[in-house]
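Participant: Here it is, the structure, as structure tokens.
The values are calculated or read from the model by the stated rules, or taken from the named source; none is laboratory data. None of these values were measured; they are calculated from a predicted model. Virtual Cβ from ideal backbone geometry, glycine too; neighbours counted across all protein chains shown. These area figures cover heavy atoms from the full protein model, side chains too; ligands, DNA and RNA do not enter into them. Shrake-Rupley method; radii C 1.70, N 1.55, O 1.52, S 1.80 Å.
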Amino acid sequence: MSMNLEDRLNENPELKKQFDELDVYIDEKASQQGSLINVMHRAQEIFGYLPDDVLYYVAKRLNVPRSTVYGVVTFYHFFSRVPKGRHTVSVCLGTACYVRGGSTVYDRVMKTLGIKAGETSQDRRFTLDLVRCVGACGLAPVVVIDKDTYGRMTPDKVVTLLNKYA
Amino acid sequence: METRMLNVKINGRDYQVPDGTTILRAAREYAKIDVPTLCYLEGISEEGACAICVVEIKGARNLQRACLTKVSEGMEVWTNTSRVREARKLNVELLLANHPKDCLTCERSQNCDLRELASELGVREVEFPRTRTEWLPVDNTSLSLVRDPNKCVLCRRCVNVCAKVQSVYAIDIMGRGSNSTVSTFLDEGLGNVECVNCGQCLLVCPTGAITERSEIPDVWKALGDPDKVVVVETAPAVRVAIGEEFGMPDGTQATGKMAAALRSLGFDEVFDTDFSADLTIMEEGFELIGRIKNGGVLPLITSCSPGWVKFAETFFPKVLDHVSTCKSPQQMFGTVTKTYWAEKMGIDPRKIVVVSVMPCTAKKFEKERPEMKTAFHYWQEKLGLKDEEAFKDVDCVLTTREAAKMIREAGIDFASLPDEDFDKPLGESTGAGVIFGATGGVMEAALRTAYEVMTKKSLAKLDFEDVRGLEGIKSADIDIDGTILKVAVANGLGNARVLMEQVQKGESPYHFIEIMCCPGGCLGGGGQPISDNPDIKKKRAEAIYREDAGKPIRKSHENPEIKKIYKDFLGEPNSEKAHHLLHTEYCDRSCE
Ligand code: SF4
Ligand code: SF4
Ligand code: SF4
Ligand code: FES
Ligand code: FES
């Protein structure tokens, strides 16, 4: 795996740039305690998700067993091993949102994007998530796209909203 | 500084126990009261994962885990209240919710801690519904072991043994909460990662979640085939452990009964891996003498243990030239049987099935290594064989447990069998071959031969006490007629790693190092009977050294059949022919 990673990096300057960026971070932080989680965080920022190559590479660079790296990545929900879309749509199904029609909103989003929670659309535009209460119950039902919160959603409104994101 | 003694009350009686003692130890050692445990493994796995060991402490609201909680002055502990019993029972029932509960067909039904606990705690029905909707996939990727995550209770013993004792870190807990499993990097499976196949995880697993890849059906098939000549070889450590499987006392020397039982199973020849252990000493001993005389790469490191060999290939690929090129005794045996013996007896090597009985799960992997087909190459030209007709040097490997199982399946009453001898010629061996089964044994056997060959004098005392015993790393200076030979012995891969890091840095002070993958050497191998006696390794080791002391010949180079095989077939030790047949090569596995 590591050997053909090198070959692949030589063929793919974009990927190489990402690994170089990760390298810079590791060089700065690698000596610190608990750096594995920080490094994985940074890697996810750089790559958008955590490809297998990156797990393997980080284990080697930090001299941590591969199984430990995989254990950490599978333990924390915020690490993702599948590519994320450019935007994350989180539909709230907490109690308040649920009773005020959150699930009809969720159904419409699923139908429009053709994906379920945890999945990413073919065109990599959206990743769909389900959340339980984002603390905006007064605006229920709520949808969060990236860092913006939208309240009083209806199935029709949410479709118009999604169209605004490229 | 003297440890303070604390006054504690356990189940109403007063005891004095040293400060720092856990409730579990206080109960078991001082009060002689057993508290059930499942995940606890002293010194190795003490994570408090199962909560089976809970006890009631006066004044504390919640039940406490006895394996983690330390006693304090005036503590009042109750280990057997109805609240405690109910909690333990509930915890076992929770563990069983997702469990297949197929004890009837489970490999471990006779010695499963989970099944025993369930029965002791009076679990009759499990009221909890399954939380998993599907069965988890069984890991079948390894040539040595099978992991069934559905039977796993997440006690973490295997994870800790692999990491702390073996320093391999092949497995860990993946995922979280009720979705977690013990798995490998990317869930690739044991056969695709750094696992060295040692089976130490299997030995500590309290359930049937880890078992060996069984070869019993293949062996029955061969035994039932009238066209095959089925030959069995038994490793040194098997004879001092197999008796345990039949209720004989720990440390019984069951050599004669084992030979008789294997003969009753229908093996055509009952031979002994001790013969090829003697052969290994000749080859490895001369390799050592050669490297010393010719300024070769030192230290020389033994290569009998396939778990250790894979470890070296995976973690120390840059210093593989230190590892002896000798095949393991198992593989030497297979090669010699299908070349020397086949030729001598006029038997077509393709008809011979070599079955080895080993204390080891890694040997199942070793026999499948693609380079272990030397006998085929020896015959290929002579018999005009095509590449597709290639056969392995060793066909089947049974663990000690599997061999015992076959003996039971055949209805043989092992303990009351008469003692019988091995067959000739490949059943002839010396005390030096026997001690291969204990850590330090290969070293001692090699020293007996190297000393006499180098000095041309007889050793006054054959016992090299400095290299015996169960400590993780032993070292000694051996005076060979004025020349000091610095030697070291490591057992368990965590200890091996320590010595190998010195070698890698070029700082190793030694000339010769023996490394055995399993703690205690082969007698503690992953294929041995599962024992709950904490002194089991000591018992087996004592039996091995008794066996050695009782042998008429105790030096490999004096084995008459060894002299004969060199005279009639191999020529000199390390001759070209010997190199071709008995030596091997290694590969860099750091990328696997
Ligand atoms: S692991 Fe134990 S409890 Fe489970 S099926 Fe096997 S014997 Fe029964
Ligand atoms: S067989 Fe040995 S190396 Fe492999 S997982 Fe078990 S303990 Fe680890
Ligand atoms: S496989 Fe066995 S030893 Fe490992 S965690 Fe599961 S039950 Fe424990
Ligand atoms: S329930 Fe949706 S924001 Fe609280
Ligand atoms: S034995 Fe104490 S928590 Fe498992």
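Participant: Go through (1) out of contact with any His (no Cβ under 8 Å at 6 or more places or on another chain); (2) open to solvent by 20 Å² or more (accessible area, probe 1.4 Å) for B:Cys396 and report which single condition fails.
Facilitator: (2)
Participant: Now for a separate question. Go over the candidates A:Tyr49, A:Tyr76 one by one and state the one that is within 9 Å of chain B (Cβ to nearest Cβ) and surrounded by fewer than 20 Cβ atoms within 10 Å (Cβ to Cβ).
Facilitator: Values: A:Tyr49 fails: within 9 Å of chain B (Cβ to nearest Cβ).
Only one candidate passes the filter, namely A:Tyr76.
Participant: Just to be sure I understand, how many residues within region B:8-64 are closer than 30 Å to B:Gly177 by Cα and not polar (S, T, N, Q)?
Facilitator: Qualifying residue count for the region: 28.
Participant: Is it the case that some residue within region B:139-158 is within 9 Å of chain A (Cβ to nearest Cβ) and open to solvent by 70 Å² or more (accessible area, probe 1.4 Å)? Give the steps one after another, and end with the answer.
Facilitator: Taking region B:139-158 as the starting set, the residues that turn out to be within 9 Å of chain A (Cβ to nearest Cβ) are none.
There is no residue in region B:139-158 that is within 9 Å of chain A (Cβ to nearest Cβ) and open to solvent by 70 Å² or more (accessible area, probe 1.4 Å).
Participant: Could we say that B:Asn197 is away from ligand 3 (no atom under 12 Å from the Cβ), at pLDDT 95 or above and either outside any strand (DSSP E or B) or open to solvent by less than 20 Å² (accessible area, probe 1.4 Å) (or both) here?
Facilitator: Working: away from ligand 3 (no atom under 12 Å from the Cβ): yes; at pLDDT 95 or above: yes; either outside any strand (DSSP E or B) or open to solvent by less than 20 Å² (accessible area, probe 1.4 Å) (or both): yes.
So B:Asn197 fits the description; yes.
Participant: Oh, and also: What's the number of the only condition in (1) buried (at least 17 other Cβ atoms within 10 Å of the Cβ); (2) not in a helix (DSSP H, G or I) that B:Tyr545 fails to meet?
Facilitator: Failing condition for B:Tyr545: (2).
Participant: Moving to a separate point now. Within region B:538-554, is even one residue modelled with pLDDT under 95 and within 30 Å of B:Ser109 (Cα to Cα)?
Facilitator: No, there is no match, as no residue in region B:538-554 is modelled with pLDDT under 95 and within 30 Å of B:Ser109 (Cα to Cα).
Participant: Based on what the data block shows, is B:Val229 at pLDDT 95 or above and within 14 Å of another protein chain (Cβ to nearest Cβ)?
Facilitator: On the way: at pLDDT 95 or above: yes; within 14 Å of another protein chain (Cβ to nearest Cβ): no.
Answer is no for this residue.
Participant: The conditions are (1) surrounded by fewer than 18 Cβ atoms within 10 Å (Cβ to Cβ); (2) in contact with a helix residue (DSSP H, G or I) (Cβ under 6 Å, 6 or more places away or on another chain); (3) not in a helix (DSSP H, G or I), and A:Met153 fails exactly one of them. Which is it?
Facilitator: So A:Met153 meets the others, but not (1).
Participant: Moving to a separate point now. Quick check on region B:501-519. Is at least one of its residues in a helix (DSSP H, G or I), open to solvent by 50 Å² or more (accessible area, probe 1.4 Å), in the same structural domain as B:Ser556 (by TED's automatic domain parsing) and hydrophobic (A, V, I, L, M, F, W, C)?
Facilitator: Pass one, region B:501-519, residues in a helix (DSSP H, G or I): B:501-505.
Narrowing further to those that are open to solvent by 50 Å² or more (accessible area, probe 1.4 Å): B:501-502, B:504-505.
Still in the running and in the same structural domain as B:Ser556 (by TED's automatic domain parsing): B:501-502, B:504-505.
With hydrophobic (A, V, I, L, M, F, W, C) added as a condition, the list becomes none.
Checked region B:501-519: no residue is in a helix (DSSP H, G or I), open to solvent by 50 Å² or more (accessible area, probe 1.4 Å), in the same structural domain as B:Ser556 (by TED's automatic domain parsing) and hydrophobic (A, V, I, L, M, F, W, C).
Participant: Go through region B:573-592 and give me each residue that's over 27 Å from the mean Cα position of the chain (by Cα), free of Cβ contacts under 8 Å to residues at least 24 places away in the same chain and part of a loop (DSSP other than H, G, I, E, B).
Facilitator: The answer is B:Ser575, and nothing else.
Participant: Any idea which of B:Arg497, B:Arg448 is within 30 Å of B:Glu561 (Cβ to Cβ) and assigned to a helix (DSSP H, G or I)?
Facilitator: On the way: B:Arg497 fails: within 30 Å of B:Glu561 (Cβ to Cβ).
Step by step, each of B:Arg497, B:Arg448 is checked, and only B:Arg448 is within 30 Å of B:Glu561 (Cβ to Cβ) and assigned to a helix (DSSP H, G or I).
Participant: Let me ask something else. Is at least one residue of region A:26-34 open to solvent by less than 70 Å² (accessible area, probe 1.4 Å), assigned to a loop (DSSP other than H, G, I, E, B) and not assigned by TED's automatic domain parsing to the domain that holds A:Thr149? Walk me through how you get there before you give the answer.
Facilitator: Of the residues in region A:26-34, the ones open to solvent by less than 70 Å² (accessible area, probe 1.4 Å) are A:26, A:29-30, A:34.
Now narrow it down to the ones that are assigned to a loop (DSSP other than H, G, I, E, B): A:30, A:34.
Subset that is not assigned by TED's automatic domain parsing to the domain that holds A:Thr149: A:30, A:34.
Yes, region A:26-34 contains a residue that is open to solvent by less than 70 Å² (accessible area, probe 1.4 Å), assigned to a loop (DSSP other than H, G, I, E, B) and not assigned by TED's automatic domain parsing to the domain that holds A:Thr149.
Participant: If we only count helices (runs of 4 or more DSSP H) wholly inside region B:248-365, which ones have 1 or more residues that are without any contact (Cβ under 8 Å) to a residue 12 or more places away in the chain and open to solvent by 10 Å² or more (accessible area, probe 1.4 Å)?
Facilitator: Details: elements: B:255-265, B:273-293, B:306-315, B:329-336, B:342-345.
Passing ranges, in order: B:273-293, B:342-345.
Participant: I'd like the full set of residues that are open to solvent by 60 Å² or more (accessible area, probe 1.4 Å) and more than 16 Å from A:Asn163 (Cα to Cα), limited to region A:108-121.
Facilitator: A:Lys116, A:Glu119
Participant: Which residues, taken from region B:76-115, are open to solvent by less than 20 Å² (accessible area, probe 1.4 Å), touching a Phe, Trp or Tyr at 6+ places or on another chain (Cβ under 9 Å) and within 15 Å of ligand 5 (Cβ to nearest atom)?
Facilitator: B:Val84 - this is the single residue of region B:76-115 that is open to solvent by less than 20 Å² (accessible area, probe 1.4 Å), touching a Phe, Trp or Tyr at 6+ places or on another chain (Cβ under 9 Å) and within 15 Å of ligand 5 (Cβ to nearest atom).
Participant: While we're looking at this one, here's another question. Please go through region B:175-192 and give me each residue that is touching a helix residue (DSSP H, G or I) at 6+ places or on another chain (Cβ under 7 Å), surrounded by fewer than 22 Cβ atoms within 10 Å (Cβ to Cβ) and of a type outside the set (Ser, Thr, Tyr), ordered by number. Write out each step before concluding.
Facilitator: So the first thing to find is which residues in region B:175-192 are touching a helix residue (DSSP H, G or I) at 6+ places or on another chain (Cβ under 7 Å), and the list is B:175-176, B:181-182, B:184-186.
From what's left, surrounded by fewer than 22 Cβ atoms within 10 Å (Cβ to Cβ): B:175-176, B:181, B:186.
Residues satisfying the conditions are B:Gly175, B:Arg176, B:Leu186.
Participant: Can you tell me how many residues in region B:159-169 are open to solvent by 10 Å² or more (accessible area, probe 1.4 Å) and either farther than 19 Å from B:Thr314 by Cα or within 16 Å of ligand 5 (Cβ to nearest atom) (or both)?
Facilitator: 2
Participant: Out of curiosity, is B:Gln166 within 13 Å of chain A (Cβ to nearest Cβ) and within 16 Å of ligand 2 (Cβ to nearest atom)? I'd like the intermediate steps shown before the answer.
Facilitator: Values: within 13 Å of chain A (Cβ to nearest Cβ): yes; within 16 Å of ligand 2 (Cβ to nearest atom): yes.
Answer is yes for this residue.
Participant: Considering region B:200-210 alone, what residues qualify as being among the aliphatic types (A, V, I, L, M) and open to solvent by less than 10 Å² (accessible area, probe 1.4 Å)?
Facilitator: Restricting attention to region B:200-210, the residues satisfying the condition of being among the aliphatic types (A, V, I, L, M) are B:202-204, B:209-210.
The answer is B:Leu202, B:Ala209, B:Ile210.
Participant: Next question. Considering only residues that are open to solvent by less than 50 Å² (accessible area, probe 1.4 Å) and farther than 16 Å from B:Gln64 by Cβ, which ones fall in region B:7-16?
Facilitator: Of everything in region B:7-16, those that are open to solvent by less than 50 Å² (accessible area, probe 1.4 Å) and farther than 16 Å from B:Gln64 by Cβ turn out to be B:Gly12, B:Tyr15.
Quick grid of which residues meet (1) of a type in the set (A, V, I, L, M); (2) farther than 25 Å from B:Ser556 by Cβ:
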residue	(1), (2)
B:Ile210	yes, yes
B:Ser214	no, yes
B:Asp227	no, yes
B:Ala237	yes, no
B:Asp268	no, yes
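Participant: Within region B:204-228, can you find the residues that are part of a helix (DSSP H, G or I) and more than 9 Å from ligand 2 (Cβ to nearest atom)?
Facilitator: Our first condition is that a residue be part of a helix (DSSP H, G or I); within region B:204-228, this holds for B:204, B:216-223.
Hits for region B:204-228 are B:Ile216, B:Pro217, B:Asp218, B:Val219, B:Trp220, B:Lys221, B:Ala222, B:Leu223.
Participant: Answer with yes or no whether B:Asp172 is within 14 Å of chain A (Cβ to nearest Cβ), open to solvent by 50 Å² or more (accessible area, probe 1.4 Å), out of contact with any Pro (no Cβ under 6 Å at 6 or more places or on another chain) and away from ligand 5 (no atom under 16 Å from the Cβ). Don't jump to the end; show me each part of the working.
Facilitator: Numbers: within 14 Å of chain A (Cβ to nearest Cβ): yes; open to solvent by 50 Å² or more (accessible area, probe 1.4 Å): no; out of contact with any Pro (no Cβ under 6 Å at 6 or more places or on another chain): yes; away from ligand 5 (no atom under 16 Å from the Cβ): yes.
Criteria not met by B:Asp172.
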